[in-house]
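**Q** Structure incoming, see below.
The values are calculated or read from the model by the stated rules, or taken from the named source; none is laboratory data. Treat the numbers as computed from the prediction; the structure is a model and nothing was measured. Positions of Cβ are generated from backbone atoms using ideal geometry, with glycine treated the same way; all protein chains shown enter the neighbour counts. Surface accessibility is based on the protein's heavy atoms, side chains included, excluding ligands, DNA and RNA. Shrake-Rupley method; radii C 1.70, N 1.55, O 1.52, S 1.80 Å.
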Amino acid sequence: MPGKGDLAVINQPGSVTVTKSSGDSSVAGINCQNDLSIEGGSINLTGTGSVAGTFKVSNQGLLKVDGAGATFTNAGEAII
């Protein structure tokens, strides 16, 4: 996982799901062209985030969108 000031870019060909299963992370941005699943731990987003595919957060996962101007959009299915 990229660090606090980084932009996480996920763009893999084909049907791919990226899964975060544990630990706490903070990133400035997320640009995900695939599916993203947060099954455990947390992601603190301080800037702009977007997921083009399915976005899933299980009961053990957390996405926190925090900070002035911080936004998150999901173009696909959301399972929360």
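**Q** Looking only at segment 36-53, filter to residues that are of a type in the set (S, T, N, Q) and under 14 Å from ALA78 (Cα atoms); which one of those is least open to solvent (accessible area, probe 1.4 Å)? Give the steps one after another, and end with the answer.
**A** In the first step, residues of segment 36-53 are kept if they are of a type in the set (S, T, N, Q); the result is 37, 42, 44, 46, 48, 50.
With under 14 Å from ALA78 (Cα atoms) added as a condition, the list becomes 37, 50.
On the way: SER37: 7, SER50: 37 Å².
Step by step, filter segment 36-53, then rank; the result is SER37.
Yes or no, residue by residue, for (1) modelled with pLDDT of 95 or more; (2) of a type in the set (Ser, Thr, Tyr); (3) open to solvent by less than 50 Å² (accessible area, probe 1.4 Å):
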| residue | (1), (2), (3) |
| --- | --- |
| PRO2 | no, no, yes |
| PRO13 | no, no, no |
| ASN31 | yes, no, no |
| ASN34 | yes, no, yes |
| PHE55 | yes, no, yes |
| LEU63 | yes, no, yes |
| ILE80 | no, no, no |
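**Q** Show me the strands (runs of 3 or more DSSP E) found entirely inside the chain where at least 3 residues are touching a Phe, Trp or Tyr at 6+ places or on another chain (Cβ under 9 Å).
**A** Numbers: elements: 7-10, 17-20, 24-27, 29-32, 35-38, 41-45, 48-51, 55-57, 61-65, 71-74.
Strands (runs of 3 or more DSSP E) meeting the threshold: 35-38, 48-51.
**Q** Starting from segment 10-25, keep only residues that are hydrophobic (A, V, I, L, M, F, W, C), then list their pairs with residues that are in a loop (DSSP other than H, G, I, E, B) and open to solvent by 70 Å² or more (accessible area, probe 1.4 Å) whose Cβ atoms are within a distance under 7 Å, requiring at least 6 positions of separation or different chains.
**A** Taking only residues 6 or more apart or on different chains, the pairs are ILE10/GLN33.
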